[in-house]
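The values are calculated or read from the model by the stated rules, or taken from the named source; none is laboratory data. For clarity, every value in this text was computed on a predicted model and none was experimentally measured. Methodologically, a virtual Cβ is constructed for each residue, glycine included, from the backbone with ideal geometry; neighbour enumeration extends over all protein chains shown. Surface areas here come from the heavy atoms of the whole protein model, side chains and all, with no ligands, DNA or RNA. Shrake-Rupley method; radii C 1.70, N 1.55, O 1.52, S 1.80 Å.
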Amino acid sequence: MSIQENLIQIKSTLPKHVTLVAVSKTKTVDEILEAYNAGQRIFGENKIQEMVEKEAQMPKDIEWHMIGNVQRNKVKHMAEFVKLIHGVDSLRLLREIDKQAKRHDRTINCLLQIKIAEEDTKFGMTVEEAKEILQSPDISELNNVCIVGVMGMATFTGDQKQIEQEFKKLKTTFDELKTLNIGNCQLEIISMGMSGDYELAIECGSTMIRVGSHIFGERNY
Ligand SMILES: *Cc1c(COP(=O)(O)O)cnc(C)c1O
């Protein structure tokens with residue numbers, strides 16, 4: 001199936017409250033344009049440099065999401081345009097995002113990445129660490145960032161029960177964090193679910209799915 005057909009197929013199954021992020025990492029500008037011409041406007045990349053290069057070549061009404069691990073010293077390159085940063089895992093990183101957003105006189109929306117997987121390789125913080133950040137006095141001084149939700153990645157496994165448990169854990173965490181007061185910002189987004197597990201993620205409460213290979217085909221690194 002073509003990129004366009006894949007997009008139509010996926011979108012036809014999505015509930016209204018679920019946002020689709022088309023993960024275009026490693027894909028060419030031509031492939032991204034094909035998705036764009038099929039109506040897709042939200043794209044996710046996991047490398048800042050790659051996203052910056054593509055942003056320069058693509059239509060300006062695209063929302064670019066950074067879904068990968070973020071190095072603090074590279075935040076400045078995307079601060080002018082990035083719409084949502086999914087992988088925020090420390091107060092230090094939030095401070096840098098705030099500082100760079102200020103330079104462009106804008107607010108950058110962020111998700112706190114929560115570690116839900118068993119594997120050591122998955123990034124993210126514990127529920128306690130997330131609470132600490134949301135309740136820290138420093139957070140009210142960061143006027144140019146908004147924490148609008150949480151993000152998580154399930155363990156890479158065929159065990160559906162385990163994946164389901166991890167997704168449910170993220171939903172519970174979200175509900176808990178949502179009750180904490182964080183100034184002007186509201187927690188609204190639960191970013192979970194990829195090509196192999198987005199249907200399950202939606203059943204478990206996801207409001208934003210990040211789908212790559214089901215739209216663009218397998219990646220060749
Ligand atoms: C690559 C990636 C995805 C998309 O993976 P697919 O299995 O191709 O859908 C989603 N989220 C993150 C963080 C990724 O790095």
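Note on His104 and Glu199: their simple-model spin labels are 3.8 nm apart, each label 7 Å out from Cα toward Cβ. Straight-distance candidates among the lysines for linking to Lys74, with alpha-carbon spacing under 25 Å and chain neighbours fewer than 8 residues away dropped: Lys25, Lys27, Lys47, Lys54, Lys60, Lys83, Lys99, Lys102, Lys115, Lys122. Amide H contacts for Thr19 (H built 1.01 Å from N in the peptide plane; partners 5 or more residues away or on another chain; cut-off under 5 Å): Met208, Ile209. For the chain, the relative contact order works out to 20 percent when only alpha carbon pairs closer than 8 Å and six or more residues apart are counted. For the chain, the cysteines with no partner cysteine C-beta closer than 4.7 Å are Cys110, Cys204.
In the range 3-216, the portion of solvent-accessible area held by carbon and sulfur atoms comes to 47 percent [1.4 Å probe, whole percent, DNA, RNA and ligands not counted]. Among Lys171, Lys76, Lys115, the residue with the largest mean-square fluctuation in a Gaussian network model of the chain, with springs joining Cα atoms closer than 10 Å, is Lys76. Here the gap between Gln4 and Asp30, fully extended at 0.36 nm per residue and compared with their Cα-Cα distance, gives a gain of 8.1 nm. A straight Cα-to-Cα reach below 19 Å connects Lys161 with the aspartates and glutamates Glu118, Glu119, Asp197, Glu199, Glu203, residues fewer than 8 places away in its own chain not being considered. Would you work out if the chain is rounded, prolate or oblate? Take a ≥ b ≥ c from the square roots of the eigenvalues of the alpha-carbon gyration tensor; rounded if a/c is under 1.5, else prolate when a/b is larger than b/c, oblate otherwise. Oblate is the answer for the chain, as a/c is 1.5 or above yet b/c matches or exceeds a/b.
Solvent exposure of the range 110-221 amounts to 50 Å² per residue of accessible area, where only protein heavy atoms count and the probe is 1.4 Å. For Glu176 and Glu141, what does the FRET efficiency come to when R0 = 25 Å and r is the distance between their Cβ atoms, rounded to the nearest 0.05? Calculated transfer efficiency: 0.55. For the range 184-200, putting each phi into the Karplus relation 6.51 cos²θ - 1.76 cosθ + 1.60 with θ = phi - 60° gives couplings of 7, 8, 10, 7, 10, 10, 10, 8, 8, x, 10, 3, x, 9, 5, 5, 4 Hz, in residue order, rounded to whole numbers and with x for Gly and Pro.
Heavy-atom accessible area with a 1.4 Å probe sorts Arg219, Arg95, largest first, into Arg95, Arg219.
Ordering Phe81, Phe216 by how much accessible area each has at a 1.4 Å probe, largest first, what is the list?
Phe81, Phe216
What you get for the range 3-216, charging only the Cβ of Lys and Arg (+1) and of Asp and Glu (-1), is a dipole of about 480 debye around the Cα centre. Note that the range 110-116 has calculated 3J(HN,Hα) couplings of 9, 10, 7, 7, 9, 7, 10 Hz, one per residue in order, obtained from phi through the Karplus relation 6.51 cos²θ - 1.76 cosθ + 1.60 (θ = phi - 60°); glycine and proline are x. With every protein chain in place and a 1.4 angstrom probe, the accessible-area ranking of Thr107, Thr157, largest first, reads Thr107, Thr157. Only lysines eight or more places from Lys16 in sequence, or on another chain, were considered; those with a Cα closer than 19 Å are Lys171.
Placing unit charges on each Cβ (+1 for Lys and Arg, -1 for Asp and Glu) gives the range 32-182 a dipole about its Cα centre, and among Leu93, Thr172, Met58 the Cα reaching farthest toward its positive end belongs to Met58.
Less than 5 angstrom separates the built amide H of Cys146 from those of Ile108, Asn109, Cys110, all sequence-distant by 5 or more or on a different chain. Summing +1 for each Lys or Arg and -1 for each Asp or Glu among the other residues whose beta-carbon sits under 13 angstrom from that of Asp159 gives -4.
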